[in-house]
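The block underneath contains the structure these notes are about, expressed in structure tokens.
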Amino acid sequence: MAKRQFKAESKRLLDLMIHSIYTHKEIFLRELISNASDAIDKIYYQALTDENLSFNKDDYFIKISVDKATRTLTVSDTGIGMTDEELADNLGVIAQSGSLKFKSDIEKAEDYDIIGQFGVGFYSAFMVASKVTVTTKALGSDKAFKWVSTGAEGYTITEAEKDTIGTDIEIIVKENSEDENYDEFLDTYRLQMIVKKYSDFIRYPIKMDMTKSVPIEGKDGEYDEIIEEKTVNSMVPIWRKNKSELKDEDYEAFYTEKHYGFDKPARHMHIKAEGATTRYTAILYIPSSTPFDYYTKDFEKGLELYANGVMIMKKCADLLPDYFAFVQGMVDSEDLSLNISREMLQHDRQLKVIAKNIKSKIKSELEKMLADDREAYEGFFKTFGRQLKYGVYDGYGMNKDDLQNLLLFHSSTEDKPATLAEYVSRMKEDQKYIYYASGESVEKIKLLPQTERVADTGYEILYFTEDVDEFAISMLNEFEGKQFRNVSSGDLGIDEPEEKEKNQEEQEADQKIFDAMQKLLGDKVSKVKASNRLKNTAVCLSTEGGLSIEMEKVLASMPTGQEAKAERVLEINTGHEVYEAIKKAQTSDEEKFALYTQLLYNQAVLMEGLSVDNPVEFSQDICKLIK
């Protein structure tokens, strides 16, 4: 019996595959089961064209057996088997796939397809095996053959004894090392978990002999352990069933079973796409609450990705944009391109088409939810709205068109969340802008003096209470042709009511006071001016330029502590009685004028929710005023 050698490139590939390609050694079982499923599929295909061959699906299965004493793990199938020539061709050259060749020779029928399109999967067994023996008998052959290898050194093929058609892959599991526990692959319950994780939806039964405790008759409280053959995979995945067969309870049970979340999903989507270039099925869920780690670095976005019922990736991040990271679920496709292993998915055109389609489906479902069940959508937005707003801001607004109609903001008109479209539909004929005000809460925003002029005009105001709001709106810039305008901005775009104009002498006197106040305040403000927005309040801060005071707060609170400063303007209500005291002090008491200026500025700062620069000095100024 001469030992045959792998080709030189196959030796290098085998070493690379064992040590580099697969991240998790448990993957080997998924690969062997997939190959076994392929072998059964091949009989099915052959039966389609051979009238002498029948195919009864109930007669076909995959069996996993364990012998701890000899450290042997065996994966057997009732598939088509291999001849000695096929053994040499398929297992003698790594990356030479019999499944791939077979697939190219036949036409597809019904929903069957060949999973193992690349030949490296079988060799993943060497990650856990010190020796691999393949005993196989091909359909229509009287002879059986045995392929044996201990790794890159080579392999032998000899005749063997086997009564039934099919293939047995026998693995001698490696001994434990300091770094690796190989005993887990001799534990039937661990193997069952691996099957459920990766191969639960293989269309043929995967059987194992499992230990079961049963009560001993006549002996209360005593149990005996028996061995019982059990099918450990569910075979028919929920996503391959017709939607008409399924109820909401079935989708909720799948959500729980797959550990997508501990809550009850707010919505589910069952998608079956049969496009010209890409076919896939997906079940997607919109959770009703955030995962416990959602806003931590440990959270992983992504959907489970399957190829013909075989899990390829636990979290395929490329299937979801970041702003839909909260979506849970799975995708199964027959058309994905795989490179050297199922674990390393090639980001090809098919995957991009699927991702684009899924993004569109999620958006449509949210729009439907917004239109048909407003209360449910408001609950969803309260939970995940921040993520959508970040999506608008992220990437310099590249996704704003996808998301702008999904946004909600508190409104002054109905005192409840409103969409931008609803705001625009309620705008007055003479209204030029979409007005908004920012603050820590709706209650605090309502008290801001900057809102007085806009509110008095009867214009609706959107209340921004989250740190991302203004940044998102800055990316939108406008909605349906209407620009956004902060109530604290320099120009409100509101026509002033007719009133007695001040003469030039009065205007010059006011400007002299403003210049004197600005000189006292220094670089704390860029200017002091008369306010056209205040009605009942003496003073407020406004801003010029694109950065608001709320934005300044957000940037200052970031870990980087950015030093961006809003261009502050101190606005004085010249119709307020306080201004009369200022005018009097400016001409008669220079010290009191300086005191009033500092107090008014600090008052405006506090109303913005900011801290005064010198609390002790501010306290002393108040004491001076009381004297």
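Would you confirm whether or not the range 407-419 contains a residue that is under 19 Å from the mean Cα position of the chain (by Cα) and under 25 Å from Met475 (Cα atoms)? Even if it seems obvious, please write down each step before you answer.
Kept after step one, since they are under 19 Å from the mean Cα position of the chain (by Cα), are these residues of the range 407-419: 407.
In the following step, the residues that additionally are under 25 Å from Met475 (Cα atoms) were identified as 407.
There is at least one residue in the range 407-419 that is under 19 Å from the mean Cα position of the chain (by Cα) and under 25 Å from Met475 (Cα atoms).
Which residue pairs have Cβ atoms under 7 Å apart, sit 6 or more places apart or on different chains, and have a first residue in the range 615-627 that is under 9 Å from Asn602 (Cβ atoms) and a second that is of a type in the set (A, V, I, L, M)?
The qualifying pairs are Phe618/Val612; Asp621/Leu595; Asp621/Leu599.
Report those strands (runs of 3 or more DSSP E) wholly inside the range 161-275 carrying at least 1 residues which are of a type in the set (Phe, Trp, Tyr).
Values: elements: 166-173, 206-215, 223-231, 267-274.
In the range 161-275, 223-231 are the strands (runs of 3 or more DSSP E) which contain 1 or more residues that are of a type in the set (Phe, Trp, Tyr).
Any residue in the range 365-377 that is within 17 Å of the chain's Cα centre (by Cα), crowded, with 16+ Cβ neighbours inside 10 Å and not basic (Lys, Arg)? Give the steps one after another, and end with the answer.
Residues of the range 365-377 within 17 Å of the chain's Cα centre (by Cα): 365-366.
Narrowing the set further to residues that are crowded, with 16+ Cβ neighbours inside 10 Å leaves 365-366.
Imposing the further condition that a residue be not basic (Lys, Arg) reduces the set to 365-366.
Yes, that holds for at least one residue.
Pairs only if they're at least six apart or on different chains, beta carbon under 8 angstrom, first in the range 390-415 and farther than 18 Å from Phe326 by Cα and in contact (Cβ under 8 Å) with a residue 24 or more places away in the chain, second part of a loop (DSSP other than H, G, I, E, B) and charged (D, E, K, R); list them, first residue then second.
His410/Lys416; Ser411/Glu460; Ser412/Glu460; Thr413/Arg426; Thr413/Glu460
Exactly one of these conditions fails for Val454: (1) outside any loop (DSSP other than H, G, I, E, B); (2) exposed (fewer than 15 other Cβ atoms within 10 Å of the Cβ). Give me its number.
(2) is the only condition that Val454 fails.
Identify all residues within the range 404-415 that are part of a loop (DSSP other than H, G, I, E, B) and under 23 Å from Gly391 (Cβ atoms); write none if there are none.
If we filter the range 404-415 for residues that are part of a loop (DSSP other than H, G, I, E, B), which is where we start, we get 407-408, 412-415.
Once the filter is applied, which keeps residues that are part of a loop (DSSP other than H, G, I, E, B) and under 23 Å from Gly391 (Cβ atoms), the range 404-415 yields Leu407, Leu408.
Being among the aromatic types (Phe, Trp, Tyr), part of a helix (DSSP H, G or I) and either within 30 Å of Lys368 (Cβ to Cβ) or open to solvent by 40 Å² or more (accessible area, probe 1.4 Å) (or both) narrows it down to one of Tyr423, Tyr436, so name that one.
Details: Tyr436 fails: part of a helix (DSSP H, G or I).
Unique residue meeting the criteria: Tyr423.
Let me confirm something: among Glu617, Glu591, Glu580, which residue is within 25 Å of Gly490 (Cα to Cα) and charged (D, E, K, R)?
Details: Glu617 fails: within 25 Å of Gly490 (Cα to Cα); Glu591 fails: within 25 Å of Gly490 (Cα to Cα).
Going through Glu617, Glu591, Glu580 in turn, the sole match is Glu580.
I'd like to check something: does the range 291-308 contain any residue that is under 27 Å from Gly391 (Cβ atoms), open to solvent by 30 Å² or more (accessible area, probe 1.4 Å), touching a helix residue (DSSP H, G or I) at 6+ places or on another chain (Cβ under 7 Å) and of a type in the set (Val, Ile, Thr)?
Checking the range 291-308: not a single residue is under 27 Å from Gly391 (Cβ atoms), open to solvent by 30 Å² or more (accessible area, probe 1.4 Å), touching a helix residue (DSSP H, G or I) at 6+ places or on another chain (Cβ under 7 Å) and of a type in the set (Val, Ile, Thr).
Is the range 36-53 home to any residue that is in a loop (DSSP other than H, G, I, E, B) and either closer than 18 Å to Lys137 by Cα or at pLDDT below 60 (or both)?
Start the filter on the range 36-53 by keeping residues that are in a loop (DSSP other than H, G, I, E, B), which leaves 50-53.
Restricting the remaining residues to those that are either closer than 18 Å to Lys137 by Cα or at pLDDT below 60 (or both) gives 53.
Among the residues of the range 36-53, at least one is in a loop (DSSP other than H, G, I, E, B) and either closer than 18 Å to Lys137 by Cα or at pLDDT below 60 (or both), which makes the answer yes.
Which of (1) at pLDDT 90 or above; (2) more than 30 Å from Tyr123 (Cα to Cα) is the odd one out, the single condition Asp332 does not satisfy?
(2)
Give just the number: which of (1) surrounded by 16 or more Cβ atoms within 10 Å (Cβ to Cβ); (2) at pLDDT below 90 does Leu16 not satisfy?
The single condition Leu16 does not satisfy is (1).
From the residues in the range 189-217 that are over 18 Å from Ile62 (Cα atoms) and of a type in the set (A, V, I, L, M), which one is least open to solvent (accessible area, probe 1.4 Å)? First the steps, then the outcome.
Filtering the range 189-217 for residues over 18 Å from Ile62 (Cα atoms) gives 211-217.
Still in the list and also of a type in the set (A, V, I, L, M): 214, 216.
On the way: Val214: 39, Ile216: 54 Å².
Among those that are over 18 Å from Ile62 (Cα atoms) and of a type in the set (A, V, I, L, M), it is Val214.
Please find, within the range 468-493, the residue that is farthest from Lys432 (Cα to Cα) out of those that are part of a helix (DSSP H, G or I) and open to solvent by 20 Å² or more (accessible area, probe 1.4 Å).
Just the residues of the range 468-493 that are part of a helix (DSSP H, G or I), to begin with: 469-476.
With open to solvent by 20 Å² or more (accessible area, probe 1.4 Å) added as a condition, the list becomes 471, 474-475.
Values: Phe471: 21, Ser474: 17, Met475: 19 Å.
Taking the candidates together, the pick is Phe471.
Looking only at residues that are of a type outside the set (S, T, N, Q) and at pLDDT 95 or above in the range 349-364, which one is most open to solvent (accessible area, probe 1.4 Å)? Before you say what the answer is, go through the steps one by one.
Of the residues in the range 349-364, the ones of a type outside the set (S, T, N, Q) are 349, 351-356, 358-359, 361-363.
From the residues that got through so far, the ones that are at pLDDT 95 or above too are 358-359, 361-363.
Values: Ile358: 0, Lys359: 61, Lys361: 89, Ile362: 0, Lys363: 50 Å².
The selected residue is Lys361.
Somewhere in the range 273-290, is a residue at pLDDT below 85 and open to solvent by 50 Å² or more (accessible area, probe 1.4 Å)?
Going residue by residue through the range 273-290, those that are at pLDDT below 85 are 275-278.
If we keep only those that are open to solvent by 50 Å² or more (accessible area, probe 1.4 Å) as well, we get 276-277.
Yes - at least one qualifying residue is present in the range 273-290.
With the structure loaded, tell me whether Lys63 is open to solvent by 10 Å² or more (accessible area, probe 1.4 Å) and at pLDDT 95 or above or whether it fails that test. I'd like the intermediate steps shown before the answer.
Numbers: open to solvent by 10 Å² or more (accessible area, probe 1.4 Å): yes; at pLDDT 95 or above: yes.
Answer is yes for this residue.
Collect the residues in the range 218-238 that are open to solvent by 80 Å² or more (accessible area, probe 1.4 Å) and not charged (D, E, K, R), keeping them in residue-number order.
Matches in the range 218-238: Gly218, Tyr223, Ile227, Val236.
Hey, could you check the range 128-178 for residues that are closer than 30 Å to Asp50 by Cα and basic (Lys, Arg) and say which is surrounded by the fewest Cβ atoms within 10 Å (Cβ to Cβ)?
So the residue we want is Lys143.
Of everything in the range 239-269, what is buried (at least 19 other Cβ atoms within 10 Å of the Cβ), under 15 Å from Met311 (Cβ atoms) and in contact (Cβ under 8 Å) with a residue 40 or more places away in the chain? Give them in sequence order.
Of everything in the range 239-269, those that are buried (at least 19 other Cβ atoms within 10 Å of the Cβ), under 15 Å from Met311 (Cβ atoms) and in contact (Cβ under 8 Å) with a residue 40 or more places away in the chain turn out to be Trp239, Tyr260.
Could you pull out the residue among Val539, Val578, Val554, Val569 that is on the phi < 0 side of the Ramachandran plot, among the β-branched types (Val, Ile, Thr) and open to solvent by 40 Å² or more (accessible area, probe 1.4 Å)? Explain how you work it out, then say what you get.
Details: Val539 fails: open to solvent by 40 Å² or more (accessible area, probe 1.4 Å); Val554 fails: open to solvent by 40 Å² or more (accessible area, probe 1.4 Å); Val569 fails: open to solvent by 40 Å² or more (accessible area, probe 1.4 Å).
None of the other options fit; the residue is Val578.
Given the conditions (1) surrounded by 21 or more Cβ atoms within 10 Å (Cβ to Cβ); (2) within 42 Å of the chain's Cα centre (by Cα); (3) among the hydrophobic types (A, V, I, L, M, F, W, C); (4) modelled with pLDDT under 90, which single one is not true for Ile106?
Going through (1) surrounded by 21 or more Cβ atoms within 10 Å (Cβ to Cβ); (2) within 42 Å of the chain's Cα centre (by Cα); (3) among the hydrophobic types (A, V, I, L, M, F, W, C); (4) modelled with pLDDT under 90 one by one, Ile106 breaks only (1).
The values are calculated or read from the model by the stated rules, or taken from the named source; none is laboratory data. Because the structure is a prediction, the values reported are computed rather than measured. We place every Cβ from the backbone using ideal geometry, glycine too, and count neighbours over all the protein chains shown. Just the protein is used for accessible areas: all its heavy atoms, side chains included, with ligands, DNA and RNA removed. Shrake-Rupley method; radii C 1.70, N 1.55, O 1.52, S 1.80 Å.
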